[in-house]
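Asks: Below is one structure. I have some questions about it.
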Amino acid sequence: MGSRIALIGSLLAANCLAADLASTPPMGWNSWNKFHGNITGQIVREIADAMVSSGMKDAGYVYVNIDDTWEGQRDAEGNIQTNEKFGDMKTLADYVHGKGLKIGIYSSPGPQTCAKFEGSYQHEEQDAKRFAAWGIDYLKYDWCSARDVYKQTEMPAVYKKMGDALKNSGRPMVFSLCQYGLEKVWDWAPSIGGNLWRTTSDIQDEWKSMSTIGFDKQVNLESYAGPGHWNDPDMLEIGNGGMSDVEYRTHMSLWAMLAAPLLAGNDIRNMDDATKAILLNKEVIAIDQDALGRQAHRVVKDGPKEIWVKPLANGDLAVALFNRGYTAELMSANWVDLEIKGSRHKVRDLWAHVDRGRVSDSYAVQVSSHGVIMLRVTL
Ligand code: GLA
């Protein structure tokens, strides 16, 4: 009995810790989408500077996450080293912390990462302790070559090993699972200490990839998201050039509706005004970061027209009208379809930043091809 109570106590403590760490979806930047293997310690420093000077930090983007290709060889004691592109990791972490930001790193449960650098296989405890000693705040843990040494069904145990190692490391670190949504990861990730988990394979900087991942692959996953544990439809491509500004606005809106992690994947040092306006839209960010932590669900699908709703902590409703088609469409959000009671409600347009007044029964609006109208409806 006593041991059961102790177990329940430690599970509750672990959950509280997880919830504290990512009570809202993590926000920050990650090196992979833009820089791939070209990321260096110097670029990470410049990105940290730019996170502050561009207003990204003030808007809530705090994690500066180094993805794959920082890893060097292990020393004689098995300690992982950085490679020549990165100097001393502790010094880099201190630099990022000095800007009031947090720093993330990347590894794999396999012998090698996806880019064929050193992974954490058989060094899990040692690596977690080393990351903690460096001052790391966030670990993305990517399956990659683990497929050569484990069976896929062993994933929960393999990820738990690192989840436990992080807990024992003495430093709180957000734990980001990257195994592409295999083995219904949403069922078990929170119980092994996961704060977020990728739900799909990698995003590409083009409409088809972004929209398939964002609209089609997240349906029915909404019940798994909540404070401390989030579905992760992958990092943002906004500003990388493969989509139009209209499409990037849809990307940002959809990720905010999904309560997805907002990890910018562009070169923060050089952002045009349109990219800034999208990434720094505080009214849209507030929907993503809403304290209730609910992920939107789709309430209307009519050919290319989709309406998604997300309940918010103060009783308001975020409503997004998306047009996935090739031509502009007239769309209406009918209060009845959205299960909104009462007829007249205050509507605010979160991209136009304009109050639309009190609207009766239905809000009708023209939505451009691949575009979105995102609203906050006060009930
Ligand atoms: C996988 C991940 C990506 C990125 C690369 C790095 O493809 O899904 O997000 O981390 O590995 O090699």
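Asks: Can you give the calculated 222 nm mean residue ellipticity of the chain, where each DSSP H run of n ≥ 4 adds -39,500 (n - 2.57) and the sum is split over every residue, rounded to the nearest 500 deg cm²/dmol? Walk me through the numbers on the way to the answer.
Replies: Values: 13 runs with 115 residues, N = 379.
That comes out to -8500 deg cm²/dmol.
Asks: How high is the relative contact order of the chain, in percent, with contacts defined as C-alpha pairs under 8 Å that are six or more residues apart? Could the numbers behind the result be given before it?
Replies: On the way: 820 pairs, mean separation 53.9, N = 379.
Across the chain, relative contact order equals 14 percent.
Asks: Give me the percent of accessible area attributable to carbon and sulfur for the chain, probe 1.4 angstrom. Kindly include the intermediate steps, with their values, before the conclusion.
Replies: Working: 7780 of 15310 Å².
Carbon and sulfur together cover 51 percent of it.
Asks: What is the spin-label model distance, in nm, from D302 to D361 if the labels are put 7 Å beyond Cα along the C-beta direction?
Replies: With each label point 7 Å from Cα toward Cβ, the separation is 1.4 nm.
Asks: I'd like the FRET efficiency for A115 and L182, computed as 1/(1 + (r/R0)^6) with the beta carbon distance as r and R0 of 30 Å, rounded to 0.05. Could you put the intermediate results ahead of the total?
Replies: On the way: r = 20 Å, r/R0 = 0.65.
That pair, A115 with L182, gives E of 0.95.
Asks: For the chain, find the longest principal axis of its Cα atoms and tell me its angle to the long axis of helix 245-257, 0 to 90°, nearest 10.
Replies: 80
Asks: Quick one: if the Förster radius is 51 Å, what FRET efficiency do V336 and S191 give, using the C-beta to C-beta distance and rounding to 0.05? Walk me through the numbers on the way to the answer.
Replies: On the way: r = 39 Å, r/R0 = 0.76.
Efficiency, from the Cβ-Cβ distance: 0.85.
Asks: Given +1 on the Cβ of Lys and Arg, -1 on the Cβ of Asp and Glu, and no further charges, what dipole in debye does the chain carry about its Cα centre, rounded to the nearest 20? Write down the numbers at each step before the final one.
Replies: On the way: 40 positive and 48 negative charges, 180 e Å.
Taking the Cα centre of the chain as origin, the dipole is about 860 debye.
Asks: Per residue, how large is the accessible surface of the stretch 18-288? Use a 1.4 angstrom probe and give square angstrom. Could the numbers behind the result be given before it?
Replies: Values: 9600 Å² over 271 residues.
Spelled out: the 1.4 Å probe surface of the stretch 18-288, per residue, equals 35 Å².
Asks: Taking Cα pairs under 8 Å and at least six residues apart, what relative contact order does the stretch 193-350 come out at, in percent? It would help to have the intermediate numbers written out before the result.
Replies: Numbers: 245 pairs, mean separation 28.9, N = 158.
Normalised by residue count, the contact order of the stretch 193-350 is 18 percent.
Asks: From Cα pairs below 8 angstrom and at least 6 apart in sequence, can you work out the relative contact order of the stretch 297-378, rounded to a whole percent?
Replies: Values: 177 pairs, mean separation 27.5, N = 82.
Dividing the mean separation by the residue count of the stretch 297-378 yields 34 percent.
Asks: How far is helix 124-134 tilted, in degrees, relative to the longest principal axis of the Cα atoms in the chain, given as a value from 0 to 90 rounded to the nearest 10?
Replies: Once rounded, the angle reads 80 degrees.
Asks: Quick one: which of 48-55, 226-233 comes out on top by average Cβ neighbours within 10 Å, and what's the full order, highest first?
Replies: Numbers: 48-55: 18.1, 226-233: 23.0.
The densest-packed peptide leads the list: 226-233, 48-55.
Asks: As a test, work out the antiparallel percent of DSSP beta bridges whose residues both lie in the chain, rounded to the nearest 5.
Replies: On the way: 37 of 60 bridges.
The antiparallel fraction comes to roughly 60 percent.
Asks: Just how far, in whole angstrom, is the stretch 51-66 from the stretch 193-269 if you go by their alpha carbon centroids?
Replies: Using only Cα atoms to place each centre, the spacing works out to 18 Å.
Asks: Could you give the size of the charge dipole of the stretch 297-378 about its Cα centre, using +1 on the Cβ of each K and R and -1 on the Cβ of each D and E, expressed in debye and rounded to the nearest 20? It would help to have the intermediate numbers written out before the result.
Replies: Numbers: 12 positive and 9 negative charges, 35 e Å.
Rounded to the nearest 20 debye, it is 160 debye.
Asks: Taking the Cα atoms of the chain alone, what are Rg (to one decimal) and Dmax (as a whole number) in Å?
Replies: 21.1, 71
Asks: Calculate the FRET efficiency for N83 and L379 from the Cβ-Cβ distance with a Förster distance of 35 Å, rounded to the nearest 0.05. Could you put the intermediate results ahead of the total?
Replies: Working: r = 54 Å, r/R0 = 1.54.
Computed FRET efficiency for N83 and L379: 0.05.
Asks: Taking loop as defined by DSSP and a crowding limit of 15 other beta carbons within 10 Å, which GluC sites (Glu not before Pro) in the stretch 154-208 fit?
Replies: Taking the stretch 154-208 and a limit of 15 other Cβ atoms within 10 Å, the loop GluC sites (Glu not before Pro) found are E206.
Asks: Can you tell me the dipole magnitude for the stretch 137-249 around its Cα centre, using point charges on the Cβ only (Lys, Arg +1; Asp, Glu -1), in Debye to the nearest 20?
Replies: Taking the Cα centre of the stretch 137-249 as origin, the dipole is about 520 debye.
Asks: While we're here: Can you tell me the order of 196-205, 269-278, 334-343 when each peptide is scored by its average per-residue count of other Cβ atoms within 10 angstrom, highest first? Provide the component values of the computation, followed by the final result.
Replies: Working: 196-205: 19.8, 269-278: 15.1, 334-343: 13.2.
The densest-packed peptide leads the list: 196-205, 269-278, 334-343.
Asks: Strictly over 21 Å apart at the Cα level, which of K57/K99; K116/K184; K34/K167; K34/K151; K57/K276 would you flag in this model? Before the final figure, lay out each step's value.
Replies: On the way: K57/K99 9 Å; K116/K184 26 Å; K34/K167 31 Å; K34/K151 32 Å; K57/K276 12 Å.
The pairs that break the limit, which is 21 Å between Cα atoms, are K116/K184; K34/K167; K34/K151.
Asks: Just subtract the alpha-carbon distance of D349 and E154 from 0.36 nm times their residue separation and send over the number in nm, one decimal. Could the numbers behind the result be given before it?
Replies: Values: separation 195, 0.36 × 195 = 70.20 nm, distance 4.65 nm.
Once the chain is fully extended between D349 and E154, it gains 65.5 nm.
Asks: For the chain, modelled as a Gaussian network with Cα springs under 10 Å, which listed residue fluctuates most, V367, V299, V44?
Replies: Fluctuation is largest for V299.
Asks: Separate question: At 1.4 Å probe radius, can you tell me the per residue accessible area of the stretch 297-378 in Å²? Don't skip to the end; give the middle numbers.
Replies: Working: 3810 Å² over 82 residues.
With the other protein chains kept in place, the stretch 297-378 gives 46 Å² per residue.
Asks: Find the Rg to Rh ratio for the stretch 297-378, where Rh is the Kirkwood radius over alpha-carbon pairs and Rg uses the same atoms.
Replies: 0.94
Asks: Can you give me the angle between helix 41-53 and the longest principal axis of the chain, using Cα atoms only, in degrees from 0 to 90, rounded to the nearest 10?
Replies: Tilt relative to the chain: about 40 degrees.
The values are calculated or read from the model by the stated rules, or taken from the named source; none is laboratory data. All of these numbers come straight from a predicted model, not from anything done at the bench. Note that we place each Cβ from the backbone using ideal geometry, even for glycine, and neighbour counts take in every protein chain shown. What goes into the accessible areas is simple: the full protein's heavy atoms, side chains included, and nothing from ligands, DNA or RNA. Shrake-Rupley method; radii C 1.70, N 1.55, O 1.52, S 1.80 Å.
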